[in-house]
Structure formats: structure tokens, C-alpha cells
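Heads up, the thing below is written out as C-alpha cells.
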4 protein chains.
Amino acid sequence: MPSFINRRQMTIEWGHCDPGGIVFNSRYFEMFDISTWMLFEAALGVTAHELAETFAIVGLPLVDARANFLKPAKFGDVAEITSWVSEFRRSSFDIEHHLSINGELAVEGGETRVWAVRDIANPDKISALAIPADVIARFG
Amino acid sequence: MPSFINRRQMTIEWGHCDPGGIVFNSRYFEMFDISTWMLFEAALGVTAHELAETFAIVGLPLVDARANFLKPAKFGDVAEITSWVSEFRRSSFDIEHHLSINGELAVEGGETRVWAVRDIANPDKISALAIPADVIARFG
Amino acid sequence: MPSFINRRQMTIEWGHCDPGGIVFNSRYFEMFDISTWMLFEAALGVTAHELAETFAIVGLPLVDARANFLKPAKFGDVAEITSWVSEFRRSSFDIEHHLSINGELAVEGGETRVWAVRDIANPDKISALAIPADVIARFG
Amino acid sequence: MPSFINRRQMTIEWGHCDPGGIVFNSRYFEMFDISTWMLFEAALGVTAHELAETFAIVGLPLVDARANFLKPAKFGDVAEITSWVSEFRRSSFDIEHHLSINGELAVEGGETRVWAVRDIANPDKISALAIPADVIARFG
């Protein structure tokens, strides 16, 4: 079980929804992206904005994203999103997101990201680096 | 002076920003759209989702939108958006939005919308209707 | 091998990119969604807009979406997206999308969708229906 | 009359539309933003991507955007967008955009932008610079 979980609430907006009256799929990936930033912010105690400079990384590039749409969400619904790191590997990690409405799981999302630094030899490139032990420790 | 003002806070997301590192202009119009829904929700005491059925309207179609970009907003900035109706006319009205960061006005937005119902003769069309006096009264 | 493939080109826009200067992940899911509509339009010979009425369906609801980000795309890049149905099952099917830049695969996307009709007993619900044989036949 | 006009066609996507079945307003501002880049690309003969380095500018920051919504656009509509510079001033200029569907004007958009360089004294700031005469000349 993950010991560090981030929970946030947000209300589905008119502009998130498509002509079917339900949230357009790409919007969930926006919601999950910022949920990951908020998870790291909460776990590491730095603002998402300061994360890159604090850890000398270029960010947390996404290598894989996926979502399972179980129930539609619509305008005015209050969504609760819980997010946690499900696995840390040497330089990459998996995040899971559960978006629920009225206590029922509506969308299950997943991301794989890397801990990335600017390549010293070629500053136009980025390379994956081992995730510091104290970063992993913060997630329990 | 308007007597009814809606105030909300939101944090600028990574996905709101462009390669210049600042909020991409279309995102402000998303922020203003939902701010208008929230203003009506607060003033009329119904959820935005129920607004249409409660007042037998098809929505509040936008006929004009505009924004003045005074200062850039960037990832992690906490924006405060204040919104109010600056003028009610027979069947249309103007909303003003002020988006501030750290107490400084960053974007000034404006919208003109109509109070619209489905046309009885032609349900595919909508027509503007006089705004009920009790709706206007709620805004002070 | 699929016999019916849809190919389209699009140019990456400034507003598709994030502060890292590369396409923000949710934008790829927008690109894949419309690519699926275009694939069906091309295979079935009806406009995406007419698809629902022609086949008496409510659309092609998405139950699963996924993407693998292999190379970043940036402002001004010309992306070629090839899309095809990789598997038809009774009432659901898988679509694959390959987004390439300069002939190199940049993003691999996948979707699972259902052939859905409005539930007769409960018009607020939708239910999956067997995909007509002549629809499948059009994809080769 | 402007002598240089950019014309482009695009098809309205499912994901551009809201639960009312029409294009959500912020999407028009995305369409106009990229239309401006394409206008400059066509007039100046450099790709939008190369514009900044070719002219040693940081971009064409937007100071004002506005739109008039005359007729709704919906999924599958083919929109033609014509764009031109309506006025050049010392360091700022106005762009007009006409979005038509089936030859009828649906949205009238306008932008005011500046010709901006990085401030030498303070590289975190940008300042407006006189637009080169040969740039203006290219627009006729």
C-alpha cells in the first residue's frame, strides 16, 4: 500500500464536456497531469514550480499515459482525484490516479514518468537519472 | 457599483502554459467561462448544472468575448478571479472578470451573453428573451 | 495486416506545446480522437457528423485510451498520423494510431471503443450492440 | 485594403464542441492564434518556428484578443479562416480574423500584438521594439 496519497476535489466545467454532454477524454489527461504535480508538491514539500530547480531536473517527462473510462462525468459533477506512486524503479516510476464521483470510481488513470536531467554533453537532450533515495523515502 | 461579486482562486497549471512559459491566451477564456457559471450559481442559488432547467433557458450563449493581457501568469501562480455583471439590458448582459496575481491585475476580461430560450416555432433555433426581473434583482 | 488505414497530416501548433517546448500530452489524445472519426468517415463513406444517425448509434464511446511517448514533437513539426482498427470484437474494437515526424515514430496511441445505442428501456443509458457485419467488412 | 491575406480551411472537431453541440468559445482563440502564426509565416517566408530567431524577437505577445460570435459552428463544419494585419503602429499591430462556414461569416476575431525583444538590461523582461520597415513592407 502506498503511504503517500494526494487527494483533491475539482468540479467538472462546461468547457470540459463534449456534445455528448460528458467529459471529453483528453481533459482527464490534463487532470491527471496536474494531479501528479500536486502529489510531488505535497510529498516533497516544494511547489511544483520549484521542483525542477530544487532537484536539478528538467521535469518529470511522461513516457506512457493510459486511462480506463468506467462511468461518464458531466458538467457540475464534483470529482475527487486520488493519486499515488505505485512503483519506483531506478530512474522511472508509475503513478496511479483514481477519479471518483459520489464515491464511485469513474476513471482509472496511469502514468509512467522519468526523473530527467539535461544531458551535460548535449544540452538539447535530456537523460534519465537515478531517483534520489531521499525523494523515494518521502513517498513512504 | 455591482453588489454581487463572485471571487474564486485557482492555481495556474503546467498544461495552461505555452512554450513562452506563460498562460496561453485561450485558457483565460476557459477560466472566464466557468467564472460566469459560478457567478450565476452563487447569485441565483442553483447549481450551474440546474440553471437551464430552473429558468427554462437553453443557456447563456456568448455573443462577444474580449480580454486585455496586462501581465503574464505562469505555472504555479495563484490567480484570483473576481466576476460581476456590469450591465443588464432587456435580454443581454455584460460580465466583467478581473484576474489578479499577488494583488496585481493581470488580465481584464469581458463577455456579452444573452438570456436564451428554444424557439417554439423552430426548436433548432434559439431566441433571446427578456431577463426576468427577479433574476436581475438577485445581482443587486 | 489491416487493409484500411487512414493517413493525415497536421502541423503542431504553438498552443499545443507546454513550457518544456513540446506537445502537452493531452493534445495527443485530441489528435487521436479526431483521427478515429476520420478513419470511420473514410472507411464508411459518411461524414463523421452523419455517422451516428446513419447507423442509429449514439457514437463510439471510448472505454480505454493509452499512449506511448517515444520522441517529443514541437511547434512547427509536421506530424503524420496513421490510424487503423487492429481488432473488431462483438461490440467493441481497438484502434491504433501512429504519429510520426520526419518518418520517425514519435507517439504510439491506442483506443478501445464500443458500438453503442441508446437503451430502449432507459433512454438516459447507452448499451453496447453487435457491430454490423457490413461495417466490419468496410475495414477489410 | 490589406494586400496580404492568409486563407486556411479546417474542419470542426468533436473535441472542439461543448454540450450545446457548438464550438466552445476558447477554441476560436486557439484557431486565431495559429492563424496569426500562419499569416506571418506566409508573409515573411519563414516558418513560424523560425520567426523568433530570424528577427531576433521573443515572439509576438498578445496584448488584447476579442471575438464576436455571429453564428454557431458545429462538429464536421468546414471553416474558412481569413486573416490579415489591419493596422501597423510603431511596435504594435492589429490582426483581424474572419471565420466563415459555407460562405457565411460565423465569427469575427481581433488581436493586438507587439513586436517584442528580450530586454538587454533585464533578460527576464521583454520590451516592445519598432517593427522593421521591411517586415511591414511584406504585408503590402
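The values are calculated or read from the model by the stated rules, or taken from the named source; none is laboratory data. The shown structure was predicted, so the numbers you read here are calculated from the model rather than taken from an experiment. Every residue, glycine as well, gets a Cβ built from its backbone with ideal geometry; the counts of neighbours run over all protein chains shown. To get the accessible areas, we keep the full protein, side chains included, count just its heavy atoms, and leave off ligands, DNA and RNA. Shrake-Rupley method; radii C 1.70, N 1.55, O 1.52, S 1.80 Å.
Data overview
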read-out	value
Among (1) over 15 Å from the mean Cα position of the chain (by Cα); (2) under 27 Å from C:P123 (Cβ atoms) - the single one C:V23 does not satisfy	(2)
Out of A:L39, A:L51, sole residue that is closer than 19 Å to A:F93 by Cα, outside any loop (DSSP other than H, G, I, E, B), free of Cβ contacts under 8 Å to residues at least 60 places away in the same chain and touching an Asp or Glu at 6+ places or on another chain (Cβ under 9 Å)	A:L51
Tally of residues being small (G, A, S), open to solvent by 70 Å² or more (accessible area, probe 1.4 Å) and over 27 Å from D:K71 (Cα atoms) across the range B:89-136	2
Residue ID - farthest from C:I34 (Cα to Cα), chosen from residues in the range C:78-88 that are open to solvent by 50 Å² or more (accessible area, probe 1.4 Å) and in contact (Cβ under 8 Å) with a residue 24 or more places away in the chain	C:F88
Residues within the range A:7-31 that are buried (at least 20 other Cβ atoms within 10 Å of the Cβ) and away from every other protein chain (no Cβ under 11 Å), tallied	0
Enumeration of residues in the range D:42-60 that are open to solvent by less than 40 Å² (accessible area, probe 1.4 Å) and not hydrophobic (A, V, I, L, M, F, W, C)	D:G59
Qualifying position, being without any contact (Cβ under 8 Å) to a residue 12 or more places away in the chain and of a type in the set (A, V, I, L, M, F, W, C), among D:V46, D:V58, D:V23	D:V46
Subset of the range B:32-48 that is under 13 Å from the mean Cα position of the chain (by Cα) and within 7 Å of another protein chain (Cβ to nearest Cβ) - its residue that is farthest from B:I101 (Cα to Cα)	B:A48
Residue tally, condition part of a loop (DSSP other than H, G, I, E, B), over 16 Å from D:F24 (Cβ atoms) and within 7 Å of another protein chain (Cβ to nearest Cβ), over the range D:54-79	0
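Per-residue answers, yes or no, for (1) of a type in the set (V, I, T); (2) in contact with a helix residue (DSSP H, G or I) (Cβ under 8 Å, 6 or more places away or on another chain):
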site	(1), (2)
B:R89	no, no
B:L99	no, yes
B:E104	no, no
B:V107	yes, yes
B:G110	no, no
B:I126	yes, no
B:F139	no, yes
